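First the structure, in the form of structure tokens, and then the observations on it.
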Amino acid sequence: QVQLVESGGGLVQAAGSLRLSCAGSGRTFSSLAVGWFRQAPGEEREFVAAIHWSVSSAAYADSVKGRFTISRDNAKNTVYLQMNSLKPEDSAVYYCAAGSAPFTVGRYYAYWGQGTQVTVSS
């Protein structure tokens with residue numbers, strides 16, 4: 001069993017930065033791909049970024065490419081999402097998820113965290 005806990009959300013002004021963390025527990029976490037998704041009120045969950053377990057590849061949504069960076073430290077069982085140049089439209093609850101590959105579709109992930117709120121003020 002794998003458990004995920006997100007942290008690092010908060011309120012930030014537009015153009016500011018935040019770094020989200022996803023701490024995983026369970027001996028298999030370091031062998032799993034991890035994705036970040038977000039969901040704003042009244043909207044569907046959308047893919048943000050994903051990273052392979054070996055850090056050999058990463059994928060990003062077009063809306064965050066060049067502004068967000070996903071990384072992981074397998075020694076710490078933690079995946080990060082560095083978010084720069086934040087915009088009000090980035091406001092959402094951010095979730096991390098773990099699965100067998102860095103899918104861009106949420107339903108392919110087996111494990112999910114509880115989410116962390118990110119609010120970007122204009």
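The values are calculated or read from the model by the stated rules, or taken from the named source; none is laboratory data. Treat the numbers as computed from the prediction; the structure is a model and nothing was measured. Using ideal geometry, Cβ is built from the backbone for each residue, glycine included, and neighbour counts are taken over all protein chains shown. All accessible areas refer to the heavy atoms of the entire protein, side chains included, with ligands and DNA or RNA removed. Shrake-Rupley method; radii C 1.70, N 1.55, O 1.52, S 1.80 Å.
Within the range 28-59, being open to solvent by 50 Å² or more (accessible area, probe 1.4 Å), under 13 Å from Cys96 (Cβ atoms) and not in a strand (DSSP E or B) holds for one residue alone: Arg45. The single condition among (1) at pLDDT 95 or above; (2) not in a loop (DSSP other than H, G, I, E, B) that Ser63 does not meet is (2).
Applying the selection to the range 6-27, what residues are part of a loop (DSSP other than H, G, I, E, B) and touching a Ser or Thr at 6+ places or on another chain (Cβ under 8 Å)? Correct list: Gly8, Gly9, Ala14, Ala15, Ser17.
Right, Leu81: more than 11 Å from the chain's Cα centre (by Cα) and in contact (Cβ under 8 Å) with a residue 40 or more places away in the chain or not? No: the conditions fail for Leu81.
Summed over the range 60-75, residues that are under 17 Å from Leu4 (Cβ atoms), surrounded by 15 or more Cβ atoms within 10 Å (Cβ to Cβ) and of a type in the set (D, E, K, R) total 1. Of all the numbered requirements in (1) modelled with pLDDT of 95 or more; (2) over 24 Å from Ser122 (Cα atoms), Glu89 misses one, and that requirement is (2).
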